[in-house]
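The values are calculated or read from the model by the stated rules, or taken from the named source; none is laboratory data. Here the structure is a predicted model, which means the values were calculated and not measured. Using ideal geometry, Cβ is built from the backbone for each residue, glycine included, and neighbour counts are taken over all protein chains shown.
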Amino acid sequence: MKSTALLKQSFKSIASNKVRSSLTILGVVIGIAAVISLVGLGKGLQNNVTNNISNLGTTDITISSQDPERQTADRESGTPGGRPGGGGRPGGFSFGGGDTSTITTAEYEYVKEYDGIASASPNESTQIAVTKSSTSDTASQYQVYGVDTSYIELEDLKITSGENLSESQVADAKKVVMIGSEAADELFGDESPVGKVIYLDDTKYTIVGVFESDDSQAEPGPGGGFPGGINRVTSSFVTGYNAWLNLADKEKLSSITAKADSEDVVEEVATAIEAKLYVNHDVTEDDADVAVSTSQDLLSTVSDVASGFTTTLAGIAAISLVVGGIGIMNIMLVTVTERTREIGLRRALGAKRRHVVYQFLLESVILTLIGGLIGVALGILFGSNATSFINIGFGGGGFGGSSDTRVVIDVSTILIAVGVSSIIGVIFGLFPALKASRLDPVEALRYE
Amino acid sequence: MKRRQPVIELKNIEKTYRTSAEIETKALRGINLTINEGDFVAIMGASGSGKSSLMSIIGLLDRHFEGEYRLNGEDITSLSDNRLSELRSDSIGFIFQQFNLLKRTSVLENVLLPTTYKSRADDERRALKAIKQVGLERYINNHTNQLSGGQMQRVAIARALMMNPSILLADEPTGNLDHKTAHEIMDLFTSINEQGTTIVLITHEDDIADVAKQKYLLFDGEFRKGKE
């Protein structure tokens, strides 16, 4: 059989119904473009999030309290997260600051002094009514953090006036606070708040310093939560953790943020601290009321989630591809009916059944391949436009990072798209092609 | 004188159409026919006489019949669908009343269509020869929809001659043509036959059938009388 002749005839047949062919191709174009751009977008977001988490620091260790029952439920339902062997929730998105507080201050001291830990601080917070005088009727709610002296450094904050909390102020639960720059603007305007008095839940505190976030870095939220949103650390107060425990009427801590000396010892230190805490609390991995996690744990969890997100996007886009394929099948069925006499003629001229199958398959594959190639081009175009949209939408520091989200479209994605469109051509073209080949030549020649 | 070889041998051919479990229609009842190399045979009959059924069987398009059919000595009743396709390509040239040309396609491409399925080295040369034989050398690159009815039928004849078949099977080839053009086409058939090609012509028109050397009249699925 002469393949070039058949190819030429197929192109001619497609070209003879320009509008119909274009609309059919459009279905595949939309499908492929959707797959390419959405998968590219998903991969881009994945890269962005993982890069930003890496930037947060690979030496970070988070120790969080957790509800043992909930932890068990998470494990049973297969919720991803936790360090292998650690069984903890990733501290970065910790909810440990809630009602569950299981870490003693003595344990915090142990962590702080542990060989391999560079610095550590409790990371407590709660909403407190703040007034400027004891007689004031109107109070504003502010987030108040209970921390140690190293908190400012750990969270990349800087002191703009006054000074940091001192070791003795923290240890002795002195009633002193630092105020975030935004909160200072709100409460004191142009006046310097340093040395002024403020009432937290009607208890008198003295402001010793003003801090703001270091703009050169993205602002990591307290407790590693989503920054840039609610509870910005700069519109809050920071006091010593002992004072905070009195203020919040608590005895134990819920969360500790720490940095290891180096990346090499992070896992080792985290494991050792976790083991020690398990012994102290008399728990095992299965009923642990405390979890130790590192940014590596967070990275792998977020990476898993982002990859699942990409797969979901691809799945949604694939639906439109299937719809495009159904369009191909529909139009090929119409073509077969319209060209029944031609099929009869070709059979009379010596075409075997498989030649007829081959011809109609070729036409549907040509349609889907053209659609696939245009779809790849449009997908790249849509993908790059979606990039600017996303960067506006989430902002430069959306996920705590400063880099833009770049849509990732690699050669493999394009090859897969082209391959998939050919396969769609074959799958959805097969039924019409087989139908054509099974036509009775006598009946086909008589078809009006 | 050299004895001419039989090309088509039909023995006791019967064709029954079953429209439902109870209703059977006999289209052909015991047809016996031998057509030799170089014959020019006309099979005549009114509508519903069984002409088309006989043409489909002779053209290897229908193999659901009873009886024996030998084409160039080969018993075709037990051949596979693929082998029948090959035999059609090699031995039979079809000419239809509706011409059945590909639209928006040139004369040359239409004539070359059979070579899509069986290609030889000198396809183009043979196509040009066939086009010349039907007198359309000036229209080689014209699209078929730019041609008159008579010219379109000439393209169809050139396409049928393309594979150098042993039989030309023409089903009402002049049915869509005016009287003058019809006779021009019949003159062409006569000249092709004189060059040695066997022609089987199916028609209901007496004056067209008169061009053939032998005539057979089909009536209700049987040959009523034959004359040489």
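Structure notes:
- Candidates B:Leu108, B:Leu101, B:Leu113: the one that is part of a helix (DSSP H, G or I) and facing chain A (nearest Cβ under 10 Å) is B:Leu113.
- Filter result (of a type in the set (A, V, I, L, M, F, W, C), modelled with pLDDT of 80 or more and closer than 17 Å to A:Ala314 by Cα) within the range A:412-448: A:Leu415, A:Ile416, A:Val418, A:Val420, A:Ile423, A:Ile424
- Residue in the range A:5-24 that is within 17 Å of A:Ala417 (Cβ to Cβ) and either more than 14 Å from chain B (Cβ to nearest Cβ) or assigned to a loop (DSSP other than H, G, I, E, B) (or both) present: no
- Looking across the range B:178-217, the residues that are assigned to a helix (DSSP H, G or I) and of a type in the set (A, V, I, L, M) come down to B:Ala182, B:Ile185, B:Met186, B:Leu188, B:Ile192, B:Ile208, B:Ala209.
- Screening A:Ser10, A:Ser54, A:Ser3 for residues that are at pLDDT 90 or above, out of contact with any Ser or Thr (no Cβ under 6 Å at 6 or more places or on another chain) and over 27 Å from A:Gly315 (Cβ atoms) leaves exactly one candidate, A:Ser10.
- Check on A:Val305, under 30 Å from A:Leu41 (Cβ atoms), more than 14 Å from chain B (Cβ to nearest Cβ) and surrounded by fewer than 16 Cβ atoms within 10 Å (Cβ to Cβ): yes
- Boolean, B:Ile43 is under 30 Å from B:Asp206 (Cβ atoms) and within 15 Å of the chain's Cα centre (by Cα): yes
- Looking only at residues in the range B:79-95 that are in a helix (DSSP H, G or I) and within 8 Å of chain A (Cβ to nearest Cβ), the one that is nearest to the chain's Cα centre (by Cα) is B:Arg88.
- In this structure, A:Leu41 does not qualify as of a type outside the set (S, T, N, Q), out of contact with any Ser or Thr (no Cβ under 7 Å at 6 or more places or on another chain), at pLDDT 90 or above and part of a helix (DSSP H, G or I).
- Residue pairs meeting the criteria (Cβ under 9 Å; at least 6 apart or on separate chains; first on the phi > 0 side of the Ramachandran plot, in the range B:51-69; second surrounded by fewer than 23 Cβ atoms within 10 Å (Cβ to Cβ) and part of a loop (DSSP other than H, G, I, E, B)): B:Leu60/B:Ile76; B:Leu60/B:Leu79; B:Gly67/B:Thr77
- Scanning the range B:116-147 for residues that are loosely packed, with under 15 Cβ neighbours inside 10 Å, within 14 Å of chain A (Cβ to nearest Cβ) and part of a helix (DSSP H, G or I) yields a total of 2.
- Only a single item in (1) surrounded by fewer than 15 Cβ atoms within 10 Å (Cβ to Cβ); (2) out of contact with any Lys or Arg (no Cβ under 8 Å at 6 or more places or on another chain); (3) facing chain A (nearest Cβ under 9 Å) is not met by B:Ser56, and it is number (1).
- The requirement of being in a strand (DSSP E or B) and buried (at least 19 other Cβ atoms within 10 Å of the Cβ) is fulfilled somewhere in the range B:64-74, by at least one residue.
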